[in-house]
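Note sheet for the following structure.
Read-outs throughout are calculated quantities, based only on the coordinates presented, and are distinct from any laboratory measurement. All figures in this text were calculated on a predicted structure; none of them were measured in a lab. Heads up, the Cβs are rebuilt from the backbone with ideal geometry, glycines too, and the neighbour counts pull from every protein chain shown.
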Amino acid sequence: MSIKNIRLEVMQFLEKNVDSFVDDYLIPVEKIWQPTDFLPNSEEDSFFEEVKELREIAKELPYDFWIVLVGDTITEEALPTYESWLMDVEGVDNVERNGWSKWVRHWTGEENRHGDLLNKYLYLSGRVNMREVEMTSQHLINDGFDIGTGRDPYKNFIYTSFQELATYISHNRVSQLAKSYGDKKLSKMCKMIAGDEMRHHNAYSEFVNQIFKVDASEMMLAFST
Ligand SMILES: [Fe+2]
Ligand SMILES: [Fe+2]
């Protein structure tokens, strides 16, 4: 049996547990936070007051801070790239709508809220050139990306387990910085996003863990490259 076929078999074996992965590591739509929960409510008359306050507090945040926040936002906004890449991984089949494609769709649904929240915040803050940010996001999506893992599910899950941890660290540190500059609301937004990233990191780490249990030597080889 080829390495590719064994990987496919392992993915099919783990696919039976996808529903429990979704239950354990993701949160149902009705229960999870939405960007609107942390932004001025545009249905209320108090909207303009809230935006004014948001903009006043945003004036306290330094130039370097905005660079990191814009970087985080653009990274989140390139989500279409990540979804199409994951949908193409060996063992994930969106045409058949198999278990793994369900995972990818539900994970994408959670992730989509991150760019949405940060983008709206940046827009309201009045501190950044949104047109440039939007153009950069569009360029990033146009370019696509190649992380060198091909369609290999082992390598891809190792990558995502680290990627989610990296985004956790970044959003969490931005949250701490925002707090130190007195912006409690922005700090909360970034903290909520960081919480999602940690759950996702735990999920992908669990996939890596489960693959190690059934195909240790190949997973170790994938890990080492
Ligand atoms: Fe994210
Ligand atoms: Fe993420």
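Worth pointing out:
- Note on the stretch 111-210: Cα-Cα pairs beyond 23 Å make up 39% of the total pair count.
- Computed over the stretch 73-139, Cα set: Rg, Dmax in Å: 14.6, 45
- Over the stretch 1-54: Rg over Rh, Cα atoms, Kirkwood Rh: 1.44
- Radius of gyration, Dmax [the stretch 30-157; alpha carbons; angstrom]: 17.7, 52
- Cα-based Rg and Dmax for the chain, where Dmax is the largest Cα-Cα distance (Å): 19.3, 66
- Cα centroid separation, the stretch 1-39 to the stretch 152-225 (Å): 14
- Placing pseudo-labels 7 Å out from each Cα toward the beta carbon at residue 63 and residue 188 gives an inter-label distance of 3.2 nm.
- Enclosed volume per residue, in Å³, of the convex hull spanned by Cα atoms of the stretch 171-213: 41
- Loop GluC sites (Glu not before Pro), the stretch 1-93 (other Cβ atoms within 10 Å of the site Cβ: 12 or fewer; DSSP): 30, 43, 44, 60
- Annotation: extensible slack from residue 56 through residue 181 equals 43.8 nm (criterion: 0.36 nm per residue apart, minus Cα-Cα distance).
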